[in-house]
Amino acid sequence: MPRSEVTFPIPQPTSLYRGPFAEAWGVARTGRLRRAAAILAAMDTEAFGFGDQVQHTALLLGCRLGLGDLAAAIDSGATLSTFLSAAGGASTLARLGHGDLSTALGEHEEALDHYLAAGASPAAEDPDLPPWRAGASMALVRTGDRAEAARLAREQLALAEQAADPYSLALALRTLATTDAGVDPVRTLRRAVGLALHSNDLRLQAQIHADLAGLLLLSPGEDPTETLALLREAETFSANEGLWPLHARVSRLLGRAGERARPLGNDSLSVLTNAERRVAQLASEGLTNRQIAEQLSVTIKGVEWHLSRVYRKLGIGSRGGLGPLLENAPKPRTA
């Protein structure tokens, strides 16, 4: 049985997400964001009070970002904006969510402000929340302050060692390997791989596998068999779960390794509308936006709009990434 199909015990929140969100939180913590998003979408939000609204929106935002649905994530971020000045945990959730959203949008200074504001909250160290130091460390690297990034990463690792939780330790080591130039990143990520296997979070495992494979590709003398195995496992999980940003990253690494990404199956492409599929298929075949517009009898602006949505949903940056993903996929229905 592929590891992505193994049924793991669903972790239970210890504080913040107890109650109606315990299942969604636990499923998300196993890496199954599509299933967690479906659970959240089925809830009757009309009956929610203030606290429930914040928790629901924050969880849904995280799922949408992992699934690559940036437009929907922006909608969730707009809802969370109303809670940025709230008291206690509500503000912390809103700040963490906006930090993640700003990161996805490439707004790293703004992301750092949100993470640091979350870290100043009394609820910042709640074990049910993503560690704010991880987000802040990455934002600091991207804004040029690697020394402070490393300090926060080491601080996070020390806290994780006190908690002795495999998930927290694996995440802390992943952050450290990325931000602290004073550690051996390959050795650090190998430690993280072992801990991630005990965390029951398949998404975190896939992320660390991609990180390690990326480093091995740059390391002369490393076994290419191990690198390819890490990438293929991450590729399978991310495709099965519809985690398109992660899948796109793995596809790029496979290209650097001289391998082709496996084409997406019909179920994986279900995130695209039929119109988006038609435009994406033609773009992957080398047609220009003008040629696509003429063939489909739409405007060039319409083609551009559809392609931008396709790129967001599949987590790719341009039409160059479409070919490997759409190759041999069933052709979309004609209008």
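The values are calculated or read from the model by the stated rules, or taken from the named source; none is laboratory data. Small disclaimer: the values here were computed from a predicted structure and weren't measured. Note: ideal-geometry Cβ built from the backbone for every residue, glycine included; neighbour counts use all protein chains shown. Ligands, DNA and RNA are excluded from the accessible area calculation, which covers all protein heavy atoms including side chains. Shrake-Rupley method; radii C 1.70, N 1.55, O 1.52, S 1.80 Å.
Taking label positions 7 Å along the Cα-Cβ direction at both Phe50 and Arg190, the computed distance is 5.2 nm, reported to one decimal. When a/c reaches 1.5 or more, the comparison of a/b and b/c decides; with that in mind, is the stretch 48-158 rounded, prolate or oblate per its Cα gyration tensor? Oblate is the answer for the stretch 48-158, as a/c is 1.5 or above yet b/c matches or exceeds a/b. When only alpha carbons are used to place a centre, the stretch 287-307 and the stretch 104-131 end up 40 Å from one another. Taking Gly321, Gly77, Gly135 as the candidate residues, the one with maximal mean-square fluctuation in a Gaussian network model of the chain, Cα springs under 10 Å, is Gly321. If you plug the beta carbon distance of Glu125 and Asp223 into 1/(1 + (r/R0)^6) with R0 = 41 Å, you get a FRET efficiency near 0.55. Figure note: Leu129, Leu215 ranked by solvent-accessible area, largest first, 1.4 Å probe, ligands and nucleic acids not counted: Leu215, Leu129.
Projecting label points 7 angstrom from Cα along Cα→Cβ for Trp305 and Ser15 puts them 4.6 nm apart. Suppose R0 equals 56 Å. What FRET efficiency, 1/(1 + (r/R0)^6) with r the Cβ-Cβ distance, do Ala164 and Ser297 give to the nearest 0.05? So, using R0 = 56 Å, E works out to roughly 0.35. For the stretch 196-201, the Karplus equation 6.51 cos²θ - 1.76 cosθ + 1.60, evaluated at θ = phi - 60°, returns couplings of 4, 4, 9, 8, 6, 9 Hz by residue, with Gly and Pro reported as x. With the chain treated as a Gaussian network of Cα nodes joined by springs under 10 Å, which of Thr227, Thr299, Thr179 yields the largest mean-square fluctuation? Looking only at Thr227, Thr299, Thr179, the largest GNM fluctuation is found for Thr299. The residues packed around Gly26, meaning those with a beta-carbon under 12 Å from its beta-carbon, carry a net charge of +1 if Lys and Arg are +1 and Asp and Glu are -1. A simple packing score, the average count of other Cβ atoms within 10 Å per residue, orders the peptides 202-208, 181-187, 79-85 as 202-208, 79-85, 181-187, with the highest score first.
Each label point was placed 7 Å from the Cα along the Cα-to-Cβ direction; for Ala181 and Thr273 their separation is 4.7 nm. All Cα-Cα distances of the stretch 146-288, cut into 10 Å bins from zero to the largest, leave 12, 34, 31, 16, 7, 0 percent in each bin in turn. Classify the stretch 33-112: rounded, prolate or oblate, from the alpha-carbon gyration tensor (a ≥ b ≥ c, eigenvalue square roots; a/c under 1.5 rounded; otherwise prolate if a/b is larger than b/c)? Oblate, since a/c reaches 1.5 and b/c is not below a/b. When all protein chains stay in place and ligands, DNA and RNA are ignored, the 1.4 Å accessible-area order of Lys301, Lys313, largest first, is Lys301, Lys313. The residues of the stretch 1-148 expose, per residue, 45 Å² of accessible area to a 1.4 Å probe. With all protein chains in place and a 1.4 Å probe, the accessible surface of the chain carries 53 percent carbon and sulfur.
Classify the chain: rounded, prolate or oblate, from the alpha-carbon gyration tensor (a ≥ b ≥ c, eigenvalue square roots; a/c under 1.5 rounded; otherwise prolate if a/b is larger than b/c)? Oblate is the answer for the chain, as a/c is 1.5 or above yet b/c matches or exceeds a/b.
Shape annotation for the stretch 196-248: C-alpha extents along the principal axes are 32, 25, 15 Å, from largest to smallest.
FRET efficiency for the Ala42 to Glu107 pair, using the beta carbon distance and R₀ = 41 Å, is estimated at 0.85. Taking all protein chains into account, the per residue accessible area for the stretch 223-313 stands at 48 Å² (1.4 Å probe).
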